[in-house]
1. Could you calculate the contour length gain from residue 127 to residue 37, that is, 0.36 nm times the residue separation minus the distance between their Cα atoms, to one decimal place in nm?
2. Return the subset of 51/199; 16/199; 51/122 for which the Cα-Cα distance in this structure is over 28 Å, preserving the input order.
3. Counting only other residues whose beta carbon sits under 12 Å from that of residue 11, what net charge do I get with K and R as +1, D and E as -1?
4. Find how much the distance from residue 223 to residue 81 grows on full extension, using 0.36 nm per residue of separation minus their present alpha carbon separation; answer in nm with one decimal.
5. Stretch residue 143-residue 18 to full length: gain in nm at 0.36 nm per residue minus the Cα-Cα span?
6. Please list 173-183, 152-162, 12-22 highest first by mean number of surrounding beta-carbon atoms within 10 Å per residue.
Amino acid sequence: MNKAQDMVLACQDLHKVYKQGRFEVPVLFGINMSVAKGETVAIVGASGSGKSTLLHLLGGLDSASSGSVEIMGRDIQHMSEADRGYLRNQSLGFVYQFHHLLPEFSALENVAMPLLIRRMAKSEAYQTAEAVLNDVGLGHRLSHNPGELSGGERQRAAIARALVTRPACVLADEPTGNLDRHTAEGIQDLMMNLNASYKTSFLVVTHDMNLASRMQRIMKLDDGVLTNA
Ligand SMILES: Nc1ncnc2c1ncn2[C@@H]1O[C@H](COP(=O)(O)OP(=O)(O)OP(=O)(O)O)[C@@H](O)[C@H]1O
């Protein structure tokens, strides 16, 4: 059994109820789970079962209705928004189905951005970004804007941007959802290699069973209830 301090993410008895006017939409019903340092975990489940909601709560992007979330062993429920944002920026990286790269900036500038926002010196930020872009196989596309990259290359750049701050855990929502099978397999290989070399944990929400099966552990959400798959 892993100790609490070995966990990058954990939640206890997590509930989420969305409010829609006079109506309540209950989505998560008492979720307990954790992700250990260096671990890779997939969450699968039918559309609408609450996967993205759970990922947002675990990433501190939204608040639970009840229950607790810990990022790097720290309970985020009672933190100020600023402290929560700081902890999130220090510890987590995010990858989405659509890359969300800024179209008017090059791959290098997009990947350096999180470091520049942290006030790293420009030359160091660009050097670090270039090294990570090399690691994801995009060393030859540094000056290309997102519109000048292929779908798979854009997703590689998005992964590089998530990893450039060396987060303990990357939370990925359908990272291969928008890619053909061959390109998706390249992204799967990349995530596995980065997990091995950076020791980054990955928590991946996906419908892609090929991707899920590459993770060390698969959990299934069924109408807001999580079980081991
Ligand atoms: N802001 C919101 N207000 C009200 N209901 C919401 C809101 N966001 C999500 N929901 C509802 O919560 C449920 C779970 O949504 P969620 O996006 O977490 O599912 P999902 O498993 O990620 O689905 P998919 O695989 O289709 O992306 C859905 O029924 C959705 O309609």
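1. Additional length available on full extension: 29.7 nm.
2. Pairs exceeding the cut-off: 16/199; 51/122.
3. On the way: positive: 16; negative: 13, 70, 75.
Local net charge: -2.
4. On the way: separation 142, 0.36 × 142 = 51.12 nm, distance 2.92 nm.
Length difference between fully extended and current span is 48.2 nm.
5. Values: separation 125, 0.36 × 125 = 45.00 nm, distance 4.23 nm.
Going from the current span to full extension adds 40.8 nm.
6. Working: 173-183: 17.4, 152-162: 25.0, 12-22: 12.9.
Top of the packing list down: 152-162, 173-183, 12-22.
A short reminder: the numbers here are calculations on the coordinates, not readings from a lab. Since the model is a prediction, treat every value here as computed from it, not as a measurement. When we count neighbours, we look across all protein chains shown, and the Cβ atoms used for this are built from the backbone with ideal geometry, even at glycine.
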